[in-house]
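Everything below concerns the one structure shown next.
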Amino acid sequence: MKIGITGGIGCGKSTVTNHLLDLGYNVIDCDKLAREIVEPGMPALKKLTLALGPEILNEDGTLDRGRTGDIVFNDDEKRKVLDEITHSAILDLMNERLKESSHEHNFIDAALIFETGLDKEMDMVWLVTCDNEIRKKRVMARDNLSEEMVEAKIASQMSDKKKALLASEIIDNSGTMEETYTNVDRLLEKYL
């Protein structure tokens, strides 16, 4: 069984996935996969370089994330190319990791699970949510950002309300860690 774990910035996906790891479940982190696919020598980095130009690379051949971001976020066509190349490579690597897994139940941690269509690859998706004020405080403390910057980041993402309509289950992470763990444990008992 493949269960997606998703949620907006500051909602606490890591709290949920760390609990799952502590319980012995396999968790595939799509953010880590996204970093792996653009390491020097990887096919996705080669494709990106051909599509976006050599200026996306640092002198040592690594991806210049800042420069790449500047290029794609001001050009919808280039962003689409970036997304097509990276999402395909992430999906391929995720499926490779799933084949290698000896676990019956695998969790996929992906912030953009609905936005990328990855939810269609899952048996179900659990959405991690929390109170908006708590989210803002968490992200401001963690990333040392202003309230305005955090609000802009939250506003740029698909809303929890929209995600909730698509999710199989919702895990409220507004309370204590123990309460969140209890919510996760209930879902594990229900489905696994």
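Against the test of being acidic (Asp, Glu), under 27 Å from Asp70 (Cβ atoms) and surrounded by fewer than 15 Cβ atoms within 10 Å (Cβ to Cβ), the options Glu100, Glu147 yield a single qualifying residue, Glu147.
Screening Lys13, Lys46 for residues that are out of contact with any strand residue (DSSP E or B) (no Cβ under 7 Å at 6 or more places or on another chain) and basic (Lys, Arg) leaves exactly one candidate, Lys46. Taken together, the criteria place Asn95 among residues that are outside the structural domain of Val16 (by TED's automatic domain parsing), surrounded by fewer than 17 Cβ atoms within 10 Å (Cβ to Cβ) and without any contact (Cβ under 8 Å) to a residue 40 or more places away in the chain.
Scanning the stretch 143-185 for residues that are more than 14 Å from Val128 (Cβ to Cβ), among the hydrophobic types (A, V, I, L, M, F, W, C), part of a helix (DSSP H, G or I) and free of Cβ contacts under 8 Å to residues at least 40 places away in the same chain returns Met149, Ala152, Ala155, Leu165. Scanning the stretch 29-81 for residues being over 23 Å from Met94 (Cβ atoms) and either assigned by TED's automatic domain parsing to the domain that holds Leu112 or acidic (Asp, Glu) (or both) gives a total of 8. Scanning the stretch 24-38 for residues that are part of a loop (DSSP other than H, G, I, E, B) and within 18 Å of the chain's Cα centre (by Cα), we see that the one that is surrounded by the fewest Cβ atoms within 10 Å (Cβ to Cβ) is Tyr25.
The values are calculated or read from the model by the stated rules, or taken from the named source; none is laboratory data. The model shown is predicted, which means the values in this text are computed figures rather than measured ones. Here the Cβ is made from the backbone with ideal geometry for all residues, glycine too, and neighbour counts use every protein chain on show.
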